[in-house]
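Structure record follows, encoded as structure tokens.
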Amino acid sequence: LHSLQQQGNEIDTFGIGTHLVTCQNQPALGCVYKLVSFDGHPRIKLSQEIKKVSIPGKKRVYRLFGRAGFPLADLMLLDEEVLLHGAPKPGIKAMCRHPLDPTKRVNCTPTHVVELLQCVWDGKPTMDPAVPSINEIRSKCMQDLASLRHDHIRHLNPTPYKVSLSCELFEMMYDIWRKEAPILELD
């Protein structure tokens, strides 16, 4: 759509939606739920398509910022890992592992660290007024997008943003993967 707009055209309306690609007699639910923990035990969803494999366990996510003030990567850690060793800290090197390619890894030494996830509902009744309004959420989202380097948000050939795993989460994920993946038989 962006490319069509840049090229100049006579199109003044675009139709985007589920009813354009699915049958109304077989409605689709526009969400995906992937179980990552059950009864305190990490779980993994395996798939023939590697990009659909889930990352198991209860996690905490941190945005690591570099010297230029831009985010370098988002780093996922196991919740218990943070409880034992603490969150990533400015000035301290953190190993960032690619979730699906064991050969890709990088050391990041952030100048600033921000925790990204905030629990707003844990299933129990709450009257907490600290839950942000939709306008506050939108404003925060716009600020976060503005903090990214331009090459990450350009429309044509954007640079992929790094979402990484800690070494401990990476090892746990692959241990579970090896245990849960069926071994095929060849005759």
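The values are calculated or read from the model by the stated rules, or taken from the named source; none is laboratory data. Small disclaimer: the values here were computed from a predicted structure and weren't measured. Glycine gets a Cβ as well: all are built from the backbone with ideal geometry, and neighbour counts include every protein chain shown. Heavy atoms of the whole protein, side chains included, go into the accessibility calculation; ligands, DNA and RNA do not. Shrake-Rupley method; radii C 1.70, N 1.55, O 1.52, S 1.80 Å.
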Pairs returned, first residue in region 34-58 that is without any contact (Cβ under 8 Å) to a residue 60 or more places away in the chain and over 19 Å from Glu168 (Cα atoms), second residue that is surrounded by 11 or more Cβ atoms within 10 Å (Cβ to Cβ) and among the β-branched types (Val, Ile, Thr), beta-carbon separation under 6 angstrom, 6 or more apart or interchain, are Ser47/Val53
Which of the numbered conditions does Arg149 fail, given that it passes all the others? Conditions: (1) of a type in the set (D, E, K, R); (2) touching a residue at least 40 places away in the same chain (Cβ under 8 Å); (3) closer than 30 Å to Asp175 by Cβ.
(3)
Give me the pairs, please: first residue somewhere in region 99-110 and free of Cβ contacts under 8 Å to residues at least 24 places away in the same chain and within 19 Å of Lys52 (Cα to Cα), second residue anywhere and open to solvent by less than 90 Å² (accessible area, probe 1.4 Å) and assigned to a loop (DSSP other than H, G, I, E, B), beta-carbon distance under 7 Å, and either six or more positions apart or on two chains.
Lys104/His98
Hits in region 88-107 (condition: assigned to a strand (DSSP E or B), open to solvent by less than 60 Å² (accessible area, probe 1.4 Å) and of a type in the set (A, V, I, L, M))
Ala94, Val106
Please enumerate the residues belonging to region 60-84 that are more than 17 Å from the chain's Cα centre (by Cα), surrounded by 12 or more Cβ atoms within 10 Å (Cβ to Cβ) and closer than 26 Å to Tyr174 by Cα.
Glu80, Glu81, Val82
Of the listed residues (Glu136, Glu168), the one being among the charged types (D, E, K, R) and under 18 Å from the mean Cα position of the chain (by Cα) is Glu168
I need the full set of residues from region 137-187 which are farther than 21 Å from Leu78 by Cβ, part of a helix (DSSP H, G or I) and not small (Gly, Ala, Ser), in order please.
Ile137, Arg138, Lys140, Cys141, Met142, Gln143, Asp144, Leu145, His150, Asp151, His152, Ile153
Taking the residues in region 10-59 that are open to solvent by 70 Å² or more (accessible area, probe 1.4 Å) and outside any loop (DSSP other than H, G, I, E, B) as candidates, determine which candidate is modelled with the highest pLDDT.
His41
Restricting attention to region 108-119, which residues are in a loop (DSSP other than H, G, I, E, B) and over 18 Å from the mean Cα position of the chain (by Cα)?
Thr109, Pro110, Thr111
